[in-house]
Amino acid sequence: MIKLNNTFPEDFLEEEERDGYLVTRKMKEVWAIELDLLMEAMRVMDKYSIKYYALGGTLLGAVRHKGYIPWDDDIDIALPRNDYERLRKVASKEFSHPYFFQDEFNSPGLLCGHAKLRNSETTMVHSNHLNEKVGDLSFNMGIFIDFFPVDNIPDNEEERNKWVLNIKKVAARAWHLRLFTHRGRTIGNNRIKYVLQSLLLSVLRDPHLYFKKYNRLVSKYSNESTSKACLYCVYCRDDSAKKRWTWNNSDLDVNSLIDLPFEFIKIPCPSNFDAILTQSYGNWHKKLRLNSQHGSSADSFYNANISYRYYFDSKGNLDRMAVRKAMKNSIE
């Protein structure tokens with residue numbers, strides 16, 4: 001495994017069994033890299049008094065396992081929208097190699113509504129990115145942790161429906177145009193439209209125009225008092241996610257966070273974690289062994305020893321054949 005900047009317990013990388021599940025050394029290496037990323041991010045956020053807290057599987061892991069869910073391999077950090085934007089502004093001067101704070105504005109074609117902190121000397125290729133249909137991929141693919149903006153939702157139903165409709169329209173234009181300009185894909189029969197829109201962006205010299213509009217819309221109520229908040233606007237994504245990733249704002253109060261153990265460190269968590277976890281997972285006390293969405297998934301690829309650049313071709317795009325060969329060799 002590559003050398004990390006933070007100090008770890010001597011036995012952290014040792015293989016062990018947790019809740020009847022064998023956590024391998026390879027998994028521990030991914031955990032270590034992610035924890036190193038988290039500690040670096042916490043250093044920066046604490047320096048600027050940026051509010052943040054564990055959410056999703058990381059919150060569940062902190063509460064139920066005092067660390068990672070044994071069969072999981074990702075870290076999810078949530079921030080109120082204004083704090084998220086503050087982190088984005090200081091990221092370029094605070095994170096230096098191998099750390100890379102990534103979003104759509106510095107990695108066009110990432111097509112992600114949130115940010116990631118990556119270790120550039122490692123590799124994590126999601127199974128979705130191995131699909132030729134997603135087009136050319138040229139962004140940083142180091143092992144990462146996620147940072148999600150939490151956005152306020154308008155209480156008035158008519159206002160909320162209008163807001164959601166506008167978000168969906170702008171989001172679709174932003175994502176589809178980026179697919180065309182940076183991944184070489186055309187959605188439907190809209191090639192001419194994308195060419196014209198691309199020319200418009202070149203004239204305006206603002207390739208991020210539609211993503212800026214999207215960010216303005218989703219953050220429209222960030223300075224208003226509303227009863228509900230959602231995770232980077234689930235309303236413009238999968239409808240089934242609305243209930244799971246929408247909470248009472250009072251349960252996400254950043255002025256009443258508590259520190260909970262997460263492996264050998266502590267991480268801020270919402271004090272009313274029971275309400276949040278129940279909303280997201282139902283009976284969160286019941287341990288369900290599921291495949292991770294990230295590196296440990298059998299269909300994804302990660303390497304804690306080699307930079308993602310090794311798996312890029314001469315044009316600077318992901319070489320899927322090279323990744324598949326490496327995956328095959330790791331099994332044999």
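Can you give me the three principal axis dimensions of the range 155-220 from its C-alpha atoms, in Å, biggest first?
39, 26, 17
Helix-derived [θ] at 222 nm for the chain: sum -39500 (n - 2.57) over DSSP H runs of at least 4, divide by residue count, nearest 500?
-11500 deg cm²/dmol
Out of ALA229, SER202, ASN82, whose Cα points farthest toward the positive end of the dipole of the chain (charges: +1 Lys, Arg; -1 Asp, Glu; placed on Cβ)?
Of the options given, the answer is SER202.
So, R0 is 56 Å and r is the distance between the beta-carbons of VAL90 and ASN189; what FRET efficiency does that work out to, to 0.05?
Details: r = 43 Å, r/R0 = 0.77.
It comes to 0.85.
Could you tell me which helices of the chain pass both thresholds, a Cα extent of 18 Å or more along their own axis and a mean Kyte-Doolittle hydropathy of at least 1.0, with helices taken as whole DSSP H runs?
191-204
Residues in the range 251-283, backbone N under 18 Å from the label point at THR226 (7 Å along the Cα-to-beta-carbon vector): list them, ranges by number please.
From the range 251-283, the list is 251-254.
Given the options ILE192, VAL30, GLN279, identify the residue whose Cα lies farthest towards the positive end of the charge dipole of the chain (+1 on Cβ of Lys, Arg; -1 on Cβ of Asp, Glu).
About the Cα centre, the residue reaching furthest to the positive side is ILE192.
With charges set only on the Cβ (+1 for Lys and Arg, -1 for Asp and Glu), what does the dipole of the chain come to about its Cα centre, in debye to the nearest 20?
Dipole magnitude for the chain comes out near 1560 debye.
Report, for the chain, the % of DSSP beta bridges that are antiparallel, rounded to 5.
85
Rounded, prolate or oblate, given the Cα gyration tensor of the chain, with a/c below 1.5 counting as rounded?
oblate
Answer rounded, prolate or oblate for the range 118-253, using the Cα gyration tensor with square roots of eigenvalues a ≥ b ≥ c: rounded when a/c is under 1.5, else prolate when a/b is larger than b/c, else oblate.
oblate
According to a simple spin-label model (label point 7 Å from Cα along Cα-to-Cβ), what is the distance in nm between LEU13 and ARG64?
In this crude label model, ARG64 to LEU13 measures out at 2.9 nm.
Only the coordinates and a few stated rules stand behind these numbers; no lab work does. Quantities reported herein were computed from a predicted structural model and do not represent experimental measurements. Methodologically, a virtual Cβ is constructed for each residue, glycine included, from the backbone with ideal geometry; neighbour enumeration extends over all protein chains shown.
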